[in-house]
Every structure is written in C-alpha cells, then in structure tokens.
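Undergrad: Pasting a structure below so you can have a look.
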Ligand code: FES
Ligand code: FES
C-alpha cells in the first residue's frame, strides 16, 4: 500500500491503496464515488469512463499510480447536473436501466469539449466504444446531437 | 380487493429515523470528499398520510406513489405511478416516486414475463380512484355539500356551484379517515390525461448525475466485499483447495469454502480480486463435461432418434405429407447466449443471530427471500429485502443463486457482506439462454396451401423448446409439434422472451421459405393462413386472429411493403406474452455485403401507458433481438465457455444498429405487456430481408458467422 494524491472533481484527495489499483476502484471503494461504473474491467465497454484533463479514459484498467492529471467523474461533470449533455439526456429520455449512462455521458461530454459540433459520423465513431446492453443507442445518438446544438 | 390500512399511518416521520432498514448509504472513508448519497425512504415527508399501499399524500401536497415492482429499465417506476396519478387526478409535477421494499402487502413484486403492467393495471387504477373518492368526500363534508356536486382536477377537490376548491394536501388528513368506498368508478379512457402520453423517466436526474441507485453501489458501515471462485467448467467439482496464499494477502479478512465455491472476503474490491487469483484450486470431473462439438453431434442424433414429447397433434400428418404436391424441410439452430446485464450480479447480505438484512437487484425478491429463509432456517418475517435499481436483468435476475450465495458467505464470516461478480464470473456462471436446433417440415398442396406442418425442437436444458399453440397452429389441418429434451450440466434459465427469442426467428424464417416455395407474397401468405384459422380452425386457437392481422397490416402499410423497388424487405410477426408485434426489415447490399438498414415495427400491446417508455421497449427489444441474432454466441470447450468478456463475446454497438420506426395499434383494450414482445420477431425479419437481398437463407445464429457475411 502507498499514499497517492489525486485531484478528483476539483478536490485534493489522498488514498492509501496498492499501486496497481485501477482508478475505477479508487473512485468507487476509497472515495465513495460510485457514479463511475464497473461492467467489464477490460476496457471494452466504456461504463467506467472518466475524464483526465478533459480527455475520456477508461478507469478500469488505469492504475492509480499512473494518474498524473486531474480527474473528473460523472459526479463532478457539473455543479447541478445541468451540463448540456446531462440535460439532453433527460430531454431525449435516454436511460433504460441507466447503468451504462454515466459512461456514455462522460464519453459524449469529452467529445463535445474537444469538438463542439461533431458530424454524425464522428458521434457514431466515438460512441461506438460504449456498450448499452438495453440498446438505447438511437436516443444516445440523438441526445449527443441535441447537446451539440447547445455547446 | 384493495386493502386500506389506516392504522399504520406514518405521520411526521423525521429524516433522522431513516436508519431502520432503509436503503441507507453511509460513508465514512478516510479522506473521502464524497457527498452523502441521496436516500429515498417512504414516509420521510412532514405530515405524510398513508392512503393505501401505493399512495401517500402529505399535508404540503406532495403525492408519494410507491412502485413495488423491481425496475430494470422497463420503466415501471415511471409507468406504474402514471396509472395511479391518472385516476387520482394528481398533478404529475407534485408526484414523487419511491421504490417500495419487498412487502407481503403487494401481491406480485416480480419483474418478468412482461406481466407487471397487465397484472397491476386494475389494482393501480383502483388505488388512485379510491383515494380520489375519499378526498372528494372530505371536501364535500367540509363544505356541507353533497359529494356528487364535487369533482377532482389537478390535485384539487372542486365544488363547481360555489367555486370553492381545496388542495389534496389540505384534505389529506381528513380524507384518509373517510370510509373506504367499496366500489369506485374508473375513468373513461377518452378522459386520460397522463396515460398514453410521453412522461420522462422519473430517475433521469439521478442517473445522469451518477447517484448510487444500483446494487453494486450499495454501501453499509462495516461492510466487506466478497468475490467467489466457482468451478470454471460445468460438470466439475473441487478436488483440492489451497487458500493459504490468498488468505495472507493484504486486506483479506477471510477465505471460506462452501459447496463448490471458495469465497475471498476482504476490505476492498481490488484486494479481493487480486487475492482470488492467488487461490490454488484443482478440479475433477463430476458429471458430463461437454463441448460445442458434442452438442452439434447430439442435435443430429437426437433429431432422429431422441424420445420426443408430443406437444400438439391435429389431424393426420402422415397422410398430409404422403399426399403433398411439395414438401419443404429446413433446420435452424441457435447457440447458448449469456444475459449480460450491464451491472454484473451482486447482492448485500447481513446475517445476524436471528434475522437477515438483504439488499440488491432482484427480479424476484420474494423468491430470493424464501430461498434465503430455507437456506439459513430463519423465518421469512425475520428477513428484510431492500430493492435497489437493477442495471438490467433480461431474466438473469429471476434466479436468486447470487442472493443465497451472499447470505451463505455472510453467515460463514459473520459480517455484512456484498458479494460481487466480475463480468467473467457472470459470463461463465451459467443460467444461459439454451442452445436449440429445430426441424420444420411443411406439406403443400398443388395450390401452395399448407396442408401439413411438423416442428421438432431439440434443446439442451430448454424444457419444451416449442410453443405449440402459437401460429401457425390452428391454421394447418394436419400438424405435429414435439420436442426432445437433453439434460446437460450447463445451466440455463429464462432469457428475455424465453424460448420465443429464438423460436420466433426459426418459425418466421421457415414460413417465409414456405411462402417463397408456394410462389406467394409472404405477408399475404400469413394473412391467408389467418383467414383459414378464422373460418375453418384446426384444433384450439390460442391467439387473437384480429390482433395479429392488425399488426401485420399496420407494419406492411407503414413500411410500404412491396412498394419500394430496389429495397430488400423481410417480414415477421409474432405473438408472445399476450402482445403482438409485426416487423418489416430493410436490407441493402453495400460493397457486396448485406447491411441491415431499417426495421419498421407495429405493436399491439393494448393501452400504451407511457409513450416514450413504450418506444424504448420496442427499440431496445429490436436492438436486442437484432444484436444477438447477428453477433452473439457462447461456445464451450471441455465444459467451460470459450468467451468470458466483451472482447471475445460480441454485443451490438452503435454503428451497427438499424434505424427503427415504432408504431402502436390503438384498439382500446387493457395493457398486455411490452418488455419482451418486440424482441422475438426481429431475427426472422432480418433473416428474411437478407434472403431477399442475397438469395441465401440464414439457418444458424449468429448470422455474422454465416457465408453471406464473408467476402467472396
Ligand atoms: S468497465 Fe471499463 S471499459 Fe468496461
Ligand atoms: S441503459 Fe441499460 S445498459 Fe444502457
């Protein structure tokens, strides 16, 4: 075990964990930030997506010792849950079971940060990495498109 | 009959009393900057008055509606309260929805079989209407006017003649003491203001902000995490287990063996996952150890020599086939697949001296509680079960193996424990959609009419792999449907639209083949058969001919069936779980390969409750049906599944989905369910459209492995 210093959602944090602990489990177990989800643990589904310096990364295979940039999770994406992507998700009524949606939203928010008005193809290419077992893909796509008009 | 229990009225319950068995999420982690998660708890509002099992109204006007059934994405937590609110004449903006814990006062706290809405529809309406009557009675008494002169609107009781009105909150206390009416008049559907509209998911804000809603998010002070090593191959058992190294690893509190499992219990997820890898367990044979190659052989052998159970027999099949002008024969096969709900299995259990606390995601909480009661010999009334939101279910969480496991581990280590499954555990852990091969035979007369029909299903742990009373039964004079069952150690279970999720593909692809051989349009061919079933039925008809015709015609009309030159269309229609869905799939050929472009769906699920939720169920069902037919399979080698995560096991992703247009038949009948019925028809519609585009039939799932998807 060792002490690691992290900035998560703008706050300095210290955790005492094994160096190989994936950021996902540091967030969920050590910091109680359970909005970031586990679904595969092998970087195949995107449920665990967070931002490192505004870039979408999969936290399930990222050892805490390798985290050198500030982390943003779904809990810190906006102060009041009113990021354009979050609002679009409600307006389009995207969630079914909802389990994949934090990862979907974080992936979409990172895309729009980098590219506020992506093409339909860019949206599909980016969101292709996130699995939604409930099959809410049509509305996910629609919500990203809607959010892009409000960036 | 509705029970109204006024003695258990919970008034003025302070937020501080939340710890009594509620979904309490407390954190005391060092250095944690986490916000305390939101807690939803019935009766936490000042001046809350209980009206009945489904409904509280607080003196501030807040209306709390309890949704008893497990929510797994079928949107029940929104649609159930909509029904109550409709009859109550509530103002939807003031409605607060609460997931009810497992409680014997509710009679079917199950999510499965697309049955929740059909089952509870009348109960929910009566719950709302009864409270409305009592509120009106209270208002009338206050004003000294006859109740018949008053009515309710937007959460107010109104006396039209005098212009007086009072809010529900002001009347709640008084109204709850009024006599409970024996009979109430329900609203006419033409007056519905909420039912049938699009009401957004009540949980959207919590989901989009990452609130701890799911079982995996559940926390409890002092809670330990457990991961379990189960036998990696079916048909094997533990020979020896060396747990010393795992037990010595940091953060590990205990390692215990029970049955064929070894549980590693510790303080954090990562620590238990690492320690699990340090277990040294050897296994030995304990039954038949099977591979997919064995199953292929079995299908072939059992198809001809197996002991078949006759499921339905009409007329004289042998004679029909002897007299046939043409015989068509085909075999269809589907592999095992896993449920793969996005949230893997997990459950919390705290077994104490003489009571048990359970919490987590379950489609059948009452069954889970009964199983834990039996396992630990603790009476059911000493076991509480809190329902979290389910991160998907698809039938997997109808089983409660993962609940009894959690109880067993907690009782062994004498601590509150949350058992978590990894994706690998989930995918290798069984309870799969069974693998089945079907053989169809059709006898046609000279005019192309089907005079004989035979279906045999050979299933591996599939039980009856047919649905003998489904169409075309009743529409063919001579018919024989039977099934051969093979028992394997590879465990299976209900998977969204059990049996029909693959049988429908086979049946609808075969009918298409028959229509083609008869030189008939496949839509007209089905309509002709339905007409025959109506005018001259063979045996019992257990589906509604008019409803089936209704969706066939609507789908054909919306898709422009047969009217789009150059567009390759395939048709399918299916009746399952009380509802009817017809689909037209469109396929294009791009760079020499078929591409599924679009699906039109016409559904008859009776009264639609929530339009946006209903569309989601249809679109999600089609994506599910399409995705699994196209891409997914579990194969086995020496008893172990060869795919164990989303790398090797392919699930459909965004760029692969067809466009979907979803339509509903509005026929005024009560709701008949929609969680499953849109899925079964999709595989057949896709296969039939691909045939149109390529001239090749698809006899085996997943389609992507078939020749038509391979570049020449
Ligand atoms: S959990 Fe990280 S990608 Fe699936
Ligand atoms: S909403 Fe259920 S997995 Fe996406």
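Undergrad: For a quick protection proxy, order the peptides B:219-228, B:394-403 by their average other-Cβ count within 10 Å, most packed first. Walk me through the intermediate numbers first.
TA: Numbers: B:219-228: 19.0, B:394-403: 25.4.
Answer by packing, highest mean first, reads B:394-403, B:219-228.
Undergrad: Rank the residues B:143, A:25 as a footprinting-exposure proxy: fewest other Cβ atoms within 10 Å of their Cβ go first. Please report the intermediate quantities before stating the final value.
TA: On the way: B:143 17, A:25 25.
If I rank by nearby Cβ atoms, fewest first, I get B:143, A:25.
Undergrad: A further question follows. Exposure proxy check: B:86, B:290, B:353, B:149 ranked by fewest other beta carbons within 10 Å?
TA: On the way: B:86 25, B:290 22, B:353 7, B:149 14.
Fewest-to-most Cβ neighbours within 10 Å comes out as B:353, B:149, B:290, B:86.
Undergrad: Averaging sequence separations of C-alpha pairs under 8 Å and six or more residues apart, then dividing by the length of chain A, give the relative contact order as a whole percent.
TA: Details: 266 pairs, mean separation 35.5, N = 151.
After rounding, I find 24 percent.
Undergrad: Could you put B:405, B:676, B:174, A:79 in order, starting from the residue whose Cβ has the fewest other Cβ atoms within 10 Å?
TA: Numbers: B:405 24, B:676 30, B:174 17, A:79 7.
The order, fewest Cβ neighbours first, is A:79, B:174, B:405, B:676.
Undergrad: With the cut-off at 1.5 for a/c, could you classify the protein assembly as shown from its C-alpha gyration tensor as rounded, prolate or oblate?
TA: Numbers: a/c = 1.57, a/b = 1.14, b/c = 1.37.
Oblate, because a/c is 1.5 or more while a/b does not exceed b/c.
Undergrad: Take residue B:145 and residue B:107, extend 7 Å from each Cα along the Cα→Cβ direction, and tell me the distance between the two endpoints in nm.
TA: Distance between label points: 3.7 nm.
Undergrad: Per-residue Cβ counts within 10 Å, from other chains only, averaged over A:71-82: what number is that? Each step should come with its number before you reach the end.
TA: Details: counts 0, 0, 1, 5, 8, 3, 3, 2, 0, 2, 7, 3.
Partner Cβ neighbours, averaged per residue: 3.
Undergrad: Over the whole of A:15-27, what's the average partner chain Cβ count within 10 Å per residue? Rounded to a whole number, please.
TA: Working: counts 4, 2, 5, 7, 0, 2, 6, 3, 0, 2, 6, 2, 1.
Per residue, the number of nearby Cβ atoms from other chains is 3 on average.
Undergrad: If each DSSP helix of 4+ residues adds -39,500 (n - 2.57) and the sum is divided by the residues in the protein assembly as shown, what number results at 222 nm, nearest 500 deg cm²/dmol? Please report the intermediate quantities before stating the final value.
TA: Values: 20 runs with 243 residues, N = 863.
Helix-only estimate at 222 nm: -9000 deg cm²/dmol.
Undergrad: Can you give the extra length, in nm with one decimal, that the chain gains between residue B:704 and residue B:564 once fully stretched, where that is 0.36 nm per residue apart less the Cα-Cα distance?
TA: Working: separation 140, 0.36 × 140 = 50.40 nm, distance 2.62 nm.
Taking residue B:704 through residue B:564 to full extension adds about 47.8 nm, to one decimal.
Undergrad: OK, next. Given an 8 Å cut-off on Cα distances and at least 6 residues of separation, report the relative contact order of segment B:335-437 as a percent.
TA: So the answer I get is 44 percent.
Undergrad: To continue, here is another question. According to a simple spin-label model (label point 7 Å from Cα along Cα-to-Cβ), what is the distance in nm between residue B:323 and residue B:309?
TA: About 3.2 nm separates the two model spin labels.
Undergrad: Same structure, new question: Using alpha carbons only, how many angstrom separate the centre of segment B:105-150 from the centre of segment B:620-645?
TA: Here the answer is 44 Å between Cα centres.
Undergrad: Which whole number gives the average, over all residues in B:260-270, of C-beta atoms from other chains lying within 10 Å of the residue C-beta? Could the numbers behind the result be given before it?
TA: Details: counts 0, 0, 0, 0, 0, 0, 0, 1, 8, 8, 12.
Mean partner shielding for this stretch: 3.
Undergrad: Between segment B:498-575 and segment B:222-265, how many Å separate their Cα centres?
TA: 52 Å
Undergrad: Which of the peptides B:601-609, B:632-640, B:296-304 is most tightly packed, and how do the rest follow, judged by the mean count of other Cβ atoms within 10 Å per residue? Don't skip to the end; give the middle numbers.
TA: Details: B:601-609: 25.6, B:632-640: 19.1, B:296-304: 15.2.
Per-residue mean Cβ counts within 10 Å order the peptides as B:601-609, B:632-640, B:296-304.
Undergrad: Can you tell me the relative contact order of chain B? Whole percent, Cα pairs under 8 Å, sequence separation 6 or more.
TA: Working: 1608 pairs, mean separation 95.7, N = 712.
Result for chain B is 13 percent.
Undergrad: Just how far, in whole angstrom, is segment B:420-474 from segment A:14-40 if you go by their alpha carbon centroids?
TA: A separation of 44 Å, based on Cα centres.
Undergrad: If each residue of separation counts as 0.36 nm, what is the full-extension length gain between residue B:187 and residue B:589 once their alpha-carbon separation is subtracted?
TA: Numbers: separation 402, 0.36 × 402 = 144.72 nm, distance 5.12 nm.
Fully extending the segment from residue B:187 to residue B:589 adds 139.6 nm.
Undergrad: Pick out which of A:98, A:32, A:81 has the largest mean-square fluctuation in a Gaussian network model of chain A, springs linking Cα atoms closer than 10 Å.
TA: Residue with maximal mean-square fluctuation among A:98, A:32, A:81: A:32.
Undergrad: Additional query: Quick check on segment A:40-85: take the gyration tensor over C-alpha atoms, sort the square-rooted eigenvalues as a ≥ b ≥ c, and tell me if it's rounded (a/c under 1.5), prolate or oblate.
TA: On the way: a/c = 2.70, a/b = 1.48, b/c = 1.82.
It is oblate, given that a/c is not under 1.5 and a/b is not larger than b/c.
Undergrad: For segment A:12-103, just say rounded, prolate or oblate: build the C-alpha gyration tensor, square-root its eigenvalues into a ≥ b ≥ c, call rounded for a/c under 1.5, and beyond that prolate if a/b exceeds b/c, oblate if not.
TA: Details: a/c = 2.12, a/b = 1.60, b/c = 1.32.
Verdict is prolate for segment A:12-103.
Undergrad: Residue B:164 to residue B:469: extension gain in nm, 0.36 nm per residue of separation minus the Cα-Cα distance?
TA: Numbers: separation 305, 0.36 × 305 = 109.80 nm, distance 5.79 nm.
Result: 104.0 nm gained on full extension.
Coordinate-derived values only; no laboratory data. Remember, it's a predicted structure, so these values are computed and weren't measured experimentally. FYI the Cβ positions are ideal-geometry reconstructions off the backbone, even for glycines, and counts take in every protein chain you see.
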